[in-house]
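*Asks:* Sending over a structure as structure tokens; questions will come in a sec.
The values are calculated or read from the model by the stated rules, or taken from the named source; none is laboratory data. Owing to the predicted nature of the structure, the values given are computational and were not obtained by experimental measurement. Neighbour counts run over all protein chains shown; Cβ positions are idealised from the backbone, glycine included. Accessible surface is based on the protein model in full, side chains and every heavy atom, while ligands, DNA and RNA are left aside. Shrake-Rupley method; radii C 1.70, N 1.55, O 1.52, S 1.80 Å.
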Amino acid sequence: MIVGMVTNRELFERAQRVIPGGVNSPVRSFGSVGGTPYFVARAEGPYVWDVEGRRYIDYVQSYGPGILGHAHPAVTEAVVEAAANGASYGAPTEREVLLAEMLCDRVPGMAWSRLTSSGTEAAMAAVRLARGATGRNKVIKFAGCYHGHSDALLAAGGSGVANQGLADSAGVTPGAVADTVVAPYNQIPAVDDGVAAVVVEPVAANMGVVAPAPGFLEGLRAACDQAGALLVFDEVITGFRLAPGGATEWFGVAPDLWCFGKVVGGGLPIGVFGGRADLMENLAPLGGVYQAGTLSGNPLATAAGLATLERLTPDAYRTLADTATRLGDGMIAVAEAAGTACTVARVGALLGVFFCDQVPCDFDQAKVAAENGVYPRVFHALLEAGVAFAPGPYEALFPSLAHTDEHIDSTVEAFAAALEK
Ligand SMILES: *Cc1c(COP(=O)(O)O)cnc(C)c1O
């Protein structure tokens, strides 16, 4: 270590004096794995380097946006060029049109879309739109699914909410969740004519990865149709990761409204919600459902998004799925050899690891697997070996197009060594 260089510990101590928990998003605090978070100095391709100069093969990839790997030259170039022309105008731009055209072209059934600055906003707006369009109040969500941190959708959220051991959040009034019904994932809930929307992650990826059981999404579609409720797919993780048309294309089930984020912004702040034209025309300025944003359609974010999506060809998805398969199969094989209970849930390029015998199918099962104490130990052993998994057992793994077979194989090797420990 170079003398005088700032250390992770030092930065974390300073951070904790001025930022709650030292972080700007709870999962990053290492609260559920223990220890000191690494502070990232830079990243490139599959790697991040911390401020102490340590290099990690990174499977966090910003929790999804880094599908091309970090700092892809085409994305960097697009952002630099955009920045030189002004970071934000408060007036429409050509790239917003190009991005909306590209999104609506790729997602089967989505006619119109609107940009926000985060997935949270997209999900919040989709719910407001569903309520406005149907004149109904109730929203059904599933335990372990995360739809951002808006009041009405935070109940029984996975990811960071689960990591912190919080069932819900303080500061959310009973009134704000009075119309939120939480149902178990992979079971068709009762949908009556008071329900505005059923909101679901088509592959749950915030309680580890939990795939939809055969018939689950089709069953939700039918239950919504029967009751006149709207089906909302929160594709903030699955969108443009499973396939060009996301989960809609992958499973062949179309919702009425979609939410996207993460991949669509290529690492810059973005969210998208979209849907059928007859629903979307309820939005201001055409209709009475209000939604807006100072930085919505931000020129830097649309530049990064377009540069990213342009590279996500059908070939790219095959490569990603192959990479995910190699990683998942490799981890299973070495776990078997080590006699460690371990399963990998994989759908396309999306995968999650559980240290148990059977792949969980809902939040209760995922919690048992996630909280058995194995994950934090494996996490730290991997980190020491230069491999960064997410600092919490409820997150998916995000191999990118920059992860080659060599990266995957050395990850599997490190995983085997971690299990030995
Ligand atoms: C990350 C995530 C969100 C929230 O997106 P932010 O950009 O963090 O606000 C919503 N839904 C799902 C499924 C997510 O994974």
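*Asks:* Tell me what the chain gives for mean residue ellipticity at 222 nm when only DSSP H runs of n ≥ 4 count, each as -39,500 (n - 2.57), the sum divided by the residue total, rounded to 500 deg cm²/dmol.
*Replies:* Taken over the chain, the calculation gives -11000 deg cm²/dmol.
*Asks:* To continue, here is another question. In Å², what does the accessible area per residue of the chain work out to with a 1.4 Å probe?
*Replies:* 41
*Asks:* Probe radius 1.4 Å, ligands and nucleic acids ignored: give me the carbon and sulfur share of the accessible area of the chain as a rounded percent.
*Replies:* Answer for the chain is 53 percent, counting heavy atoms of protein chains only.
*Asks:* Right, next: Compute the Rg/Rh shape ratio of the chain: radius of gyration over Kirkwood radius, all on alpha-carbon atoms.
*Replies:* Rg/Rh: 0.95.
*Asks:* Once a ≥ b ≥ c are taken as the square roots of the eigenvalues of the Cα gyration tensor of the stretch 170-271, is the result rounded (a/c under 1.5), prolate (a/b larger than b/c) or oblate (a/b not larger than b/c)?
*Replies:* Here the stretch 170-271 falls in the oblate category.
*Asks:* While we're looking at this one, here's another question. Compute, for the stretch 73-309, the length of the dipole vector about the Cα centre, with Cβ point charges of +1 (Lys, Arg) and -1 (Asp, Glu) only. Units Debye, rounded to 20.
*Replies:* 240
*Asks:* Could you pull out every residue, at least 5 positions away or on a different chain, whose amide H is within less than 5 Å of the one on Phe142? Hs are placed 1.01 Å off N in the peptide plane, and Pro or chain starts have none.
*Replies:* The answer is Ala183.
*Asks:* I've got another one for you. Only bridges with both residues in the chain count here: give the DSSP antiparallel percent, nearest 5.
*Replies:* About 60 percent, rounded to the nearest 5.
*Asks:* Per residue of the stretch 338-353, in order, report the coupling 6.51 cos²θ - 1.76 cosθ + 1.60 (Karplus, θ = phi - 60°) as ³J(HN,Hα) in whole Hz, putting x for Gly and Pro.
*Replies:* Karplus values, whole Hz, x for Gly and Pro: 8, x, 9, 5, 7, 10, 10, 8, 9, 10, x, 8, 9, 8, x, 10.
*Asks:* How do Arg14, Arg106 stack up against each other in accessible area, from largest to smallest, with a 1.4 angstrom probe?
*Replies:* Correct descending sequence by accessible area is Arg14, Arg106.
*Asks:* What list of ³J(HN,Hα) values in whole Hz, one per residue of the stretch 224-234 in order, does the Karplus curve 6.51 cos²θ - 1.76 cosθ + 1.60 (θ = phi - 60°) give from phi, with Gly and Pro shown as x?
*Replies:* Working through the residues one at a time gives 5, 4, 4, 9, x, 8, 9, 9, 10, 8, 8 Hz.
*Asks:* Placing +1 at every Lys and Arg Cβ and -1 at every Asp and Glu Cβ, with all other atoms neutral, what dipole size does the stretch 286-349 have around its Cα centre, in debye to the nearest 20?
*Replies:* Roughly 100 debye, rounded to the nearest 20.
*Asks:* If you count the DSSP beta bridges with both ends in the stretch 73-309, what percent of them are antiparallel, to the nearest 5?
*Replies:* 40
*Asks:* While we're here: To make sure I understand the rule: partners must be lysines, Cα under 30 Å from the Cα of Lys262, and not fewer than 8 residues away in the same chain. Which ones qualify?
*Replies:* In chain and number order, the partners are Lys138, Lys141, Lys367.
*Asks:* HN-Hα J couplings of the stretch 391-405 from phi, Karplus 6.51/-1.76/1.60, θ = phi - 60°, integer Hz, Gly and Pro as x?
*Replies:* Couplings: x, x, x, 9, 9, 6, 9, 10, x, 10, 5, 8, 7, 8, 4 Hz.
*Asks:* Let me ask another. For Cα pairs less than 8 Å apart in space and 6+ apart in sequence, what is the mean separation divided by the residue count of the stretch 73-309, i.e. the relative contact order in percent?
*Replies:* 30
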